[in-house]
Protein chains: 2
Amino acid sequence: MNATIYDVSRLSGVSTATVSRAFSDPERVRPATRRKVYEAAAVLHYQPNAIARAMARQRTDKIAYLICKKGATILDEFYAGICDGIMRTANRSDYQLLVSTEEDWRLTVSTLQSKQIDGVILGGDAPAELVSQFQSQNVAVVLVNNRLAGVPCVVADEEGGVRQGVELLAQRGHRRISMLVGRLNPYVVRERYSAFLAAMGERGLSVGAGGARMCDADVESATAAALDLLKGKDRPTAVFGANDVIAAGVIKAARRLGLRLPEDLAVMGYDDSTVCAMLEPELTSVHIDCRQMGELAAARLMALLDGQSDIPPLTVVPTQLRVRRSV
Amino acid sequence: MNATIYDVSRLSGVSTATVSRAFSDPERVRPATRRKVYEAAAVLHYQPNAIARAMARQRTDKIAYLICKKGATILDEFYAGICDGIMRTANRSDYQLLVSTEEDWRLTVSTLQSKQIDGVILGGDAPAELVSQFQSQNVAVVLVNNRLAGVPCVVADEEGGVRQGVELLAQRGHRRISMLVGRLNPYVVRERYSAFLAAMGERGLSVGAGGARMCDADVESATAAALDLLKGKDRPTAVFGANDVIAAGVIKAARRLGLRLPEDLAVMGYDDSTVCAMLEPELTSVHIDCRQMGELAAARLMALLDGQSDIPPLTVVPTQLRVRRSV
DNA sequence: AAAATGTATGTAAGCGGTTACAGAATTTGT
DNA sequence: ACAAATTCTGTAACCGCTTACATACATTTT
């Protein structure tokens, strides 16, 4: 059995209250006493029991990252990057991180909400209903990569990213540019697509032949869609993929059609994931600092839990174009 | 404030013991009583407090996945896949999953071990010392993608995977085959590399010009190493990358040297990650079912926690060659 | 119908900490 | 040196649930 606070109390000759203070608020006990406590604790290999502490304090020092998205989830580099950022920030402040991607979130919620976590970060397409569920249970909520009124949100500057991309293509003389959009997270699709239309409109550019095109989110269907898009007579001279996977599909399609890259076709990706460097030619892409998004989301959440009231309702993380050989 | 078991007890007119039983072991209370309890609970929106329960039962129903690896961790598709498998399995059995990749594991351990988790799955290069730390704290341990005597381990059949790869290359007439090894997890490097030498030896094949070559784990350094490897006079006709990222580097190098793929050079990867389909030509690779590894690891851990004693000390997940156009 | 057996429920003592409040010890002021 | 102010420490109630044990009730057996 593990040593308890009583054992330490007995061995060190002070009360449990003092032992407790020595560990949770050292300033409140005199140095000499504190030393006695620590010595006894060391002898007994005492480690405060986090469960008991959580029980007494009504706080668990745990937060959760819940990815509301169908299919592969944490596997997605984007969500994994956010997860990584959250994890680092949480651990640094002695918070533990629970991760879940349960698709049937009703289930997850009931397990999470039985007071096991202090707060939750919702990634992906979180339904408003879910948010209020948590809030009604007094669990703090922060959204990442999504927006909802009344909840602190951390998002990337999608509009800026798309704009930079379009700008570069325009600069390089492209006039017919298409966007190939996959069935990504609805928020992302909406943002990137409307930003694309806006950026194109501003410059009076035509939205390629066939305009924007939808496809699934995998390479195969992106490749098929791209083949279709590029076969037309007035084919675009540049294609903007809504993410890197889609852009990779475009590259494959271009290769199959014997188009030279970037001479015959410029390709631009989004997310700046690790594949960019692996592709030939290397893919120009809009970089999103996922880790930072995660870090900020975690920071906001922890600030909420600390009772800080000046949490900005919206935090926008800048995006940045990484120009490589594909344009 | 949330309703407690006392509130339910009062409203339903039964003792707290009965309420407790109605929730944790329904069979032990008569149907009529049970109904009364559930009704009262519904009225009060009662949800058993998991912390209190953990305290009383000395069990938290939480497990942790700790990735012992430097640098990007969960970001690695391989570890993310395992994580996904663990998550699914854990959630299905009402376990919660804590994830951490703290590099300074001493820190993490102390936070984890204060009785906050029932068991832990260690991924990456877990030091034996760490394992015994957990065990001495009565925390069950399972290793994934690593081996250590006395601890249940779940690994992939690396030897079989490498063998299949070499076999295919030999079949296609390759005689000079090199392996390009990156600074991956030591266990993986050891397994794959020795399996490679063994498989080559068995067939009396020569280990390409320059034999196996080391590089860092990123595309750039793999590309550089591959350029070097392929420039020689007796260059290998096939290169086996120790993982897909490295193989991607080989492809890039080949392209730069004007080699045709797969005619002039066959390239083989390992892990069958999502990039395989994005590369041109698509990369032949050894598929590892990471999710299954995670699922099995979680299952083993939960079996341990259930007190089952027939846990196999080693579980080997089969690997399978996915043949694509790069060979 | 009483005794024997089995099942359902209640009582109360934990689980291991925290913290309000009170009392003791120390420091400060004069 | 003594009172007042301040800082430390101790006592004990509480956080919400589980479970061993005791008791009440229902069902069989004789």
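Of note:
- Protection-proxy order for peptides A:60-67, B:230-237, each taking the mean of Cβ atoms within 10 Å per residue, highest first: A:60-67, B:230-237
- For the range A:252-283, trypsin sites (Lys or Arg not before Pro) meeting the loop criterion (DSSP other than H, G, I, E, B) and having at most 12 other Cβ atoms within 10 Å: A:ARG260.
- Within a straight-line Cα-Cα reach of under 16 Å, A:LYS233 can be paired with the following aspartates and glutamates, leaving aside sequence neighbours fewer than 8 residues apart in one chain: A:ASP264.
- Scanning residues 5 or more positions from A:ALA156 or on other chains, those with amide H under 5 Å from its amide H are A:ASN145, A:VAL317, with H placed 1.01 Å from N in the peptide plane.
- Across the range B:233-248, coupling constants 3J(HN,Hα) worked out from phi with the 6.51/-1.76/1.60 Karplus curve, θ = phi - 60°, read 6, 8, 4, x, 9, 8, 10, 9, x, 6, 7, 5, 4, 5, 4, 4 Hz, and Gly and Pro carry x.
- Crossing angle, helix B:290-305 versus chain B [Cα axis fit, 0-90 degrees, rounded to tens]: 40 degrees
- In this simple spin-label approximation, A:ARG203 and B:LEU227 carry label points 7 Å from Cα along the Cα→Cβ vector, and these lie 3.2 nm apart.
- Per-residue extension of 0.36 nm, minus the Cα-Cα distance of B:VAL43 and B:LEU259, leaves a gain of 70.5 nm for this segment.
- Furthest towards positive pole of dipole, B:VAL154, A:LEU148, A:LEU112, structure part the protein assembly as shown, Cβ charges: A:LEU112
- Measuring nothing but how far apart in sequence close Cα pairs (under 8 Å, 6+ apart) lie, relative to its length, the range A:157-290 scores a relative contact order of 24 percent.
- Over 25 Å (Cα to Cα) - which of A:LYS115/B:LYS62; A:LYS231/A:LYS252; A:LYS69/A:LYS231; A:LYS70/B:LYS115; A:LYS62/B:LYS69; A:LYS69/B:LYS69 fall in this group: A:LYS69/A:LYS231; A:LYS70/B:LYS115; A:LYS69/B:LYS69
- Computed over chain B: relative contact order in percent, which uses C-alpha pairs under 8 Å that are six or more apart: 17 percent
- The phi-based Karplus calculation (6.51 cos²θ - 1.76 cosθ + 1.60; θ = phi - 60°) puts the 3J(HN,Hα) values of the range A:174-182 at 7, 10, 9, 10, 10, 10, 10, 9, x Hz, whole numbers, x for Gly and Pro.
- Charged-residue dipole, Cβ positions (Lys, Arg, Asp, Glu), the range B:157-254 about Cα centre, Debye nearest 20: 460 debye
- Taken about its Cα centre, chain B carries a charge dipole of about 380 debye when Lys and Arg each add +1 at the Cβ and Asp and Glu each add -1 at the Cβ.
- Using the Cβ-Cβ distance between A:SER15 and B:SER15 with R0 set to 25 Å, the FRET efficiency works out to roughly 0.15.
- Peptides B:160-169, B:194-203, ordered by how many other C-beta atoms sit within 10 Å of their residues on average, highest first, read B:160-169, B:194-203.
Rule-based calculations on the coordinates, nothing more; no lab input. These numbers come from a predicted model, not from an experiment. Don't worry about glycine lacking a Cβ; one is built from the backbone with ideal geometry, like all the others, and counts go over all protein chains shown.
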